[in-house]
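Single-structure report; data block below.
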Amino acid sequence: MQEILEGGNGITKEIDFEDNAITKQLYGENNENLKEIENIFNIRIYSRGGKLSLRGEAVEVESAERLITEIYRLISKGYSLDPGDIELAARIVLQSNIPLEEIFLDTVCISTRKKIIAPKSLAQKLYIEAIRKNDIAFGIGPAGTGKTYLAMAMAVSAFMNRQVNRIILTRPAVEAGEKLGFLPGDLYQKVDPYLRPLFDALYDMMDFDKATRLIEKGAIEIAPLAFMRGRTLNDAFVILDEAQNTTAMQMKMFLTRLGFNSKAVITGDTTQIDLGPNERSGLLEAESLLKGIDGIAFVYFSKADVVRHPLVKKIIEAYENKERKQQTAS
């Protein structure tokens, strides 16, 4: 590493890499990854073979240098860069001093599809640790932050490692504009659209035929929240999705179903409550009542943790701005 002082606060740093195969992945096709890093940190990057020159403001250059060297180490340890990883990694570098490998190499689940699932943000890392260390964990935040997906990965991992005997996936069937009674089909066909996101996540991690057989055997159960009443859930990994749409009574009912050697993960977005005006969200009540109890953890996500299409974060920001204006006006 060589640092060259320039005028004002500007500096140049040079980085030499030894492995051309790793630098090829690091740079990206047509140096797209380097161009993205330039835009994020507002610096200039010049490449020549395995040598990079970073020029810009000292703070920005140093952050970019840390990002680049840590991504190089990630790749050297077998990590394969995905689209969007550069931006996600940059957020982590700007938010904390935690090495990227502690997050990106924290494998959650190697599924039957040979797919490695790992956290993509600091909040996701904290979420995974909370699930590991606690019997009940709440993940609260906007869509696209990986709350349900990572909970599913942890459930599949626990099941495959025989830490639990079954997986139970549930969510409230809240009617949003269309009455269940008017929908065609029997009860299971009526509620299927509400449970479909859970099926999608499951099939993304586990071979379709294997998952189907486990569902038929009852080792994996996907059902509306109302089906949980009166049960005791032992040796199970239970996920309650869309928990913001539970009533206070439903949330109490669900939480008191937990049996021995079981874990429960509750996910929800408190800005997307579809209950009636006179009904209090069970997620909001649980948040106010259960904080500080040993064995129960709350992890919060923000729009900075969105790992979907980049437009999702901008959409969330637009709605947040609208809500702030409405609050200010009122």
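Residues in segment 277-303 that are small (G, A, S) and out of contact with any helix residue (DSSP H, G or I) (no Cβ under 6 Å at 6 or more places or on another chain): 4 in all.
Listed by position, the helices (runs of 4 or more DSSP H) enclosed by segment 98-171 include none that has at least 3 residues that are at pLDDT 90 or above, farther than 26 Å from M253 by Cα and among the hydroxyl-bearing types (S, T, Y).
Scanning segment 31-50 for residues that are modelled with pLDDT under 90 and open to solvent by 60 Å² or more (accessible area, probe 1.4 Å) turns up just one, R48.
The values are calculated or read from the model by the stated rules, or taken from the named source; none is laboratory data. No experiment lies behind these values; they were computed from the predicted model shown. Ideal geometry is used to build each Cβ from the backbone, glycine not excepted, and the neighbour counts take in all protein chains shown. Note: areas computed on protein heavy atoms with side chains; ligands, DNA, RNA excluded. Shrake-Rupley method; radii C 1.70, N 1.55, O 1.52, S 1.80 Å.
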